[in-house]
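> Below is the structure I would like to discuss, written out as structure tokens.
FYI, it's all coordinate maths here, none of it is from the lab. Every value quoted in this text rests on a predicted model; they were computed, and no experiment measured them. Quick reminder, even Gly has a Cβ in these numbers, built from the backbone with ideal geometry, and neighbours come from all protein chains shown.
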Amino acid sequence: MNKWLKTILFLVASVFLTRFIPFSSLFRNLDTMIHEFGHALMTLLLSGKVLRIELYADHSGVTYSSMLTPGRSILVSLAGYVTASLFAWLLFYLYRKGLQLWGLGIMTAVALVSLLFYVRGEFGMLWLTGFIALNVVIMIFGAKIMKYYYLLLAFLTLEESVVSAIYVGFMSWTQPSRAGDAANLAQQTFLPALFWGTLFALFALWCAKGALSLFFRKEGTSRSSRSRSVRSRNA
């Protein structure tokens, strides 16, 4: 089967099936946290100032920042969707390497930094506190379920990174002025929102294809390794 088609079909099935997992909606805010943290991190790297981050119950968010050099805000606007897509890919890379503890540690660290320095608002602060506490409990006491918890977070993050990018891509075609980061980029450049929205959607799908390739390769690699081990013992 074509890899792109396989990626899309698997994502559609995953989006549908994960809806049946209790409380899965709460964990979808992880992608929002990473998205907004991407904006904040790029702002800091470009010597700007992060004023605050807001996370909302509907899985949306916003980062308020200021830049001394207007042109640099283009990179800040780009950073959200790019960071979220690459982070989802990173989670699957760490899974393939058997480094789920590292992945949970990175997620927890980002959440802690966001809570201490940037996120304001009742829901965002409450969500981050609960997410950090749950991760710490899983890392200390949940060795038996860590793999499944990690995969839940990885797949939800992957789904949300793609769905949100496709949504902004759709909005950039139908209502360009309401297309979020794509609309911001259109105001800062000579390129229209539909260009940026389409770019975000394609980049998210490309990252998803890479992430799922790592996931399926892990299963195949494990079977291959076991097979070689058996042949070695028999020899």
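> Using bins 5 angstrom wide from zero, how does P(r) for the chain break down, in % of all Cα pairs?
Pair shares across the bins are 1, 7, 13, 17, 18, 17, 12, 7, 4, 2, 1, 1, 0, 0.
> Compute the long axis of helix 193-234 from its Cα atoms, compare it with the longest principal axis of the Cα atoms of the chain, and write down the angle in degrees, 0 to 90, nearest 10.
10 degrees
> Helix 3-17: angle to the longest alpha-carbon principal axis of the chain, degrees 0 to 90, nearest 10?
Taking Cα atoms only, the helix is inclined about 80 degrees.
> Using Cα pairs closer than 8 Å and at least 6 residues apart in sequence, work out the relative contact order for the chain, in percent.
Result for the chain is 23 percent.
> Restricting attention to segment 138-211, which trypsin sites (Lys or Arg not before Pro) occupy a DSSP loop and are surrounded by at most 10 other Cβ atoms within 10 Å?
144
> Who wins for biggest fluctuation among 103, 130, 180 in a Gaussian network model of the chain, springs between alpha carbons below 10 Å?
130
> Okay, moving on. Which residues make up the longest stretch of the chain clear of chymotrypsin sites (Phe, Trp or Tyr not before Pro) that lie in a DSSP loop with no more than 12 other Cβ atoms within 10 Å, not counting the sites?
So the longest stretch without any such site is 24-189.
> Separate question: So who's got an amide H within less than 5 Å of the one on residue 52, skipping anything under 5 residues away but keeping other chains? H placed 1.01 Å off N, in plane.
Placed amide hydrogens put 64 under 5 Å from residue 52.
> Applying the Karplus parametrisation 6.51 cos²θ - 1.76 cosθ + 1.60 with θ = phi - 60° to the phi angles of segment 137-150, what ³J(HN,Hα) value in whole Hz is obtained for each residue in order, glycine and proline being reported as x?
4, 5, 5, 8, 10, x, 4, 6, 10, 4, 4, 6, 5, 4
> In sequence order, what are the phi-derived ³J(HN,Hα) couplings for segment 97-112 according to the Karplus relation 6.51 cos²θ - 1.76 cosθ + 1.60 with θ = phi - 60°, rounded to whole Hz, with x for glycine and proline?
Ordered by residue, 3J(HN,Hα) equals 7, x, 10, 4, 4, 5, x, 5, x, 5, 4, 5, 5, 4, 5, 5 Hz.
> Could you tell me the center-to-center distance, by alpha carbons, between segment 28-49 and segment 88-154 in angstrom?
After rounding, the separation between the Cα centres reads 16 Å.
> Could I ask something else about it? May I ask for the angle, rounded to the nearest 10°, between helix 29-45 and the longest principal axis of the chain, with both axes built from Cα atoms and the value confined to 0 to 90°?
It is inclined by approximately 60 degrees.
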